[in-house]
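In what follows, a single structure is set out as structure tokens and then discussed.
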Amino acid sequence: MGIYLNPSKTAFQISVNSEIFVDKSEMLTHLNSVVNTQQRFVSVSRPRRFGKTMAADMVCAYYGREANSRDLFESCKLSSVATYTEGKRELAWDAYLGQFDVLRLVMTEFIEDAKNVSDFLVNLTEETVSELTAAYPDIPYGKTNKLRYVMNKVYAHTQRQFVVVIDEWDALFRVWKDDKEGQEKYLEFLRDLLKDKSYIALAYMTGILPIKKYGQHSALNMFTEYSMTFPRQLAPYTGFTEEEVAHLCRAYGRDFHAIKDWYDGYEVSDIIPPDPDHKEQKATGKPLTAKRYALYSPLSVVEAMTTGKIQDYWNKSETYEALAEYIRKDYDGLKDAVALLMDGGRLKIDTSTYQNDMTTFHGRDDVLSLLIHLGYLGYDDDSGEVFIPNKEILDEFKTSTQGNEWSDIFRTYEMSEQLLRATWNADASRVAELVEQAHHRAGNKTYHDEAALSYSIQLAYYAAHKYYTDIQELDTGKGYADIVYIPGPRYADKPVLLIELKYNQDASTAIDQIRRQKYPERLKHYQGNILLIGINYDRDVPSTDASFKHHTCVIERA
């Protein structure tokens, strides 16, 4: 046994021996199913303290030929799975137990004494090659000292494949954030080490971040990503499931509902299961769907169980400065989005442009995508929405938004909430007053024409995103309604807001247009629960007028 080559089972044994051990060994059934297939490259990204290292320890203990772990796994859930079918193969639980040379690489260990990426790669290569050549001294290696050549030589002479386990694979991207050339060199090293190599039976890689992309592509495109946005078959092994937490609460006499209130909130889905004969779909008339899991942060649950105190444990693993650093980047109204999320709202985002690092941000959604992977936001893959998952994380946001720079953001958001409530109450004069205030805060430069007015009204109604999906220029068949807010499924009792805007005309004219063009007919499903809102901006109204006000509003029900 060595440090890197065939490490012992001790690390996983320590976890099994611990006071709280939540058995995730059934995860190995999926890994076994991809051994020696095109899907044998597995990249698992999780936030800190979500059990990544323990899972890596388990993988090493299971596959390592020198680990002698049968007795250890016979006591785990995995051994209760007699046989299982994955794809074309029927496998026993111990099909690959102790069958491979394991190479375990914890990337932070090679970074410690490195000044740059080149030093890091030299350290990694020297240490691992040294162990391999010492373990197999009779193999003629030649003059090369490249890791991939040495591994290939070992395989050629022993016909024994490797399981490569890489922990903290993305540490380099956190330490040398701005060294783009070094990052690419590192990715090329991993690609050359792993891709299309017959000596690889399985590559299992963990980190906080998904694999780095350049543009829309990844240098390690042979990997299947199991991330916080799409954990696939590893969904129930992402954190503690609700069933596992309920079991711990019973064992420790803790209040499950209080634990749930503080630490629940992460939502993930596995894959939609195949149904070749469509039996279930034919029987129910409904297509198969992915199973969804409510997940908890393992660190927080373990601390709450052992101490009996429900409080914020997250900052023990991630300081609030990390969160504060990212949410103060005011891309595309990011701070407004944070205010909405802190109020319990959800926000639809596009995660596809995020480049999977901690420095490349092209807009608000890229920052929010990073916060998903750091564990600060939950992600609903059905709706594409982000949200603050629980009270513990909300506390982190509250701590991170205490500075003066946030005061105006929260005042503006509160004004938007007041505007929404006044609209629900059909208080037209109050709506006009609040829109007027929003105009003054935004400045006259935002009002040049009806299009600019529309943009400003959308900003004023920002808080509506908590309850609604907004549609601009909704096609009604006989024209286009300027802005329509459709209530989300969780807020079906809220009225539809159908807003028509006029510029230098009259608010009543806006209502007349809505009725004349029969805009509500496009929303028949909501008939009886629609508010028709006409807003006019009069640019030229004189300030000497006794009732001076740029904005007027009329609200009617339909």
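Charges were assigned to the Cβ only: +1 to each Lys and Arg, -1 to each Asp and Glu. The resulting dipole of the chain about its Cα centre is roughly 1040 debye. All C-alpha pair distances within the stretch 10-226, sorted into 10 Å bins from zero, spread as 7, 32, 37, 20, 3 percent across the bins.
Pairwise inverse Cα distances across the stretch 243-402, averaged and inverted, put the Kirkwood hydrodynamic radius at 17.5 Å.
The length gained by stretching the chain between residue 311 and residue 261 to full extension, at 0.36 nm per residue less their Cα-Cα distance, is 16.9 nm.
Sequence-ordered 3J(HN,Hα) estimates for the stretch 228-240 from the Karplus curve with 6.51, -1.76 and 1.60 and θ = phi - 60° stand at 5, 8, 7, x, 6, 5, 8, 3, x, 9, 6, x, 7 Hz, glycine and proline given as x.
Normalised by residue count, the chain yields a Cα convex hull volume of 191 Å³ per residue.
With respect to the chain, whose longest principal axis is taken over its alpha-carbon atoms, helix 298-307 is tilted by about 90°. For each pair in 260/291; 24/348; 335/524; 52/197, compute the distance between the two Cα atoms and list the pairs where it is over 28 Å. Too far apart for the 28 Å limit: 24/348; 335/524. Relative to the dominant Cα principal axis of the chain, helix 428-442 is inclined by about 60°.
Nothing charged except the Cβ atoms of Lys and Arg (+1) and of Asp and Glu (-1): what's the magnitude of the dipole of the stretch 243-402 about its Cα centre? Round to the nearest 20 debye.
Numbers: 18 positive and 30 negative charges, 82 e Å.
Computed about the Cα centre, the dipole is about 400 debye.
Entry note, the chain: the mean residue ellipticity at 222 nm calculated from DSSP H runs of n ≥ 4, each adding -39500 (n - 2.57), is -11500 deg cm²/dmol after division by the residues and rounding to the nearest 500. Amide H contacts of residue 469 (H built 1.01 Å from N, in plane; Pro and chain starts excluded): 486, 488 sit under 5 Å, all sequence-distant by 5 or more or on other chains. Comparing 235, 190, 205 along the charge dipole axis of the stretch 162-245, the residue lying farthest to the positive side is 190, per the Cβ-charge model. How many nm separate the modelled label positions at residue 118 and residue 556, each set 7 Å beyond the Cα in the direction of the Cβ? In this crude spin-label approximation the distance works out to 7.6 nm. The label point for residue 382 and the one for residue 290, both projected 7 Å from the Cα toward the Cβ, are 1.2 nm apart. Distant-in-sequence amide contacts of residue 102, defined by a placed amide H-H separation under 5 Å and a gap of 5 or more residues or a different chain, comprise 6, 65, 163.
May I ask you to sort 406, 262 by Cβ crowding, counting other Cβ atoms within 10 Å and putting the fewest first?
Details: 406 18, 262 22.
Sorted ascending by nearby Cβ count, the order is 406, 262.
Peptides 4-17, 61-74 ranked from most to least packed by the mean count of surrounding Cβ atoms within 10 Å: 61-74, 4-17.
Around the Cα centre of the stretch 32-107, unit charges on the Cβ atoms of Lys, Arg, Asp and Glu (plus for the first two, minus for the last two) sum to a dipole of about 440 debye. Farthest toward the positive end of the dipole of the stretch 10-226, out of 98, 150, 33, is the Cα of 33, where the dipole comes from beta carbon charges about the Cα centre.
Coordinate-derived values only; no laboratory data. Note that the structure is a prediction, hence the values are computed from the model and not measured. Note that we place each Cβ from the backbone using ideal geometry, even for glycine, and neighbour counts take in every protein chain shown.
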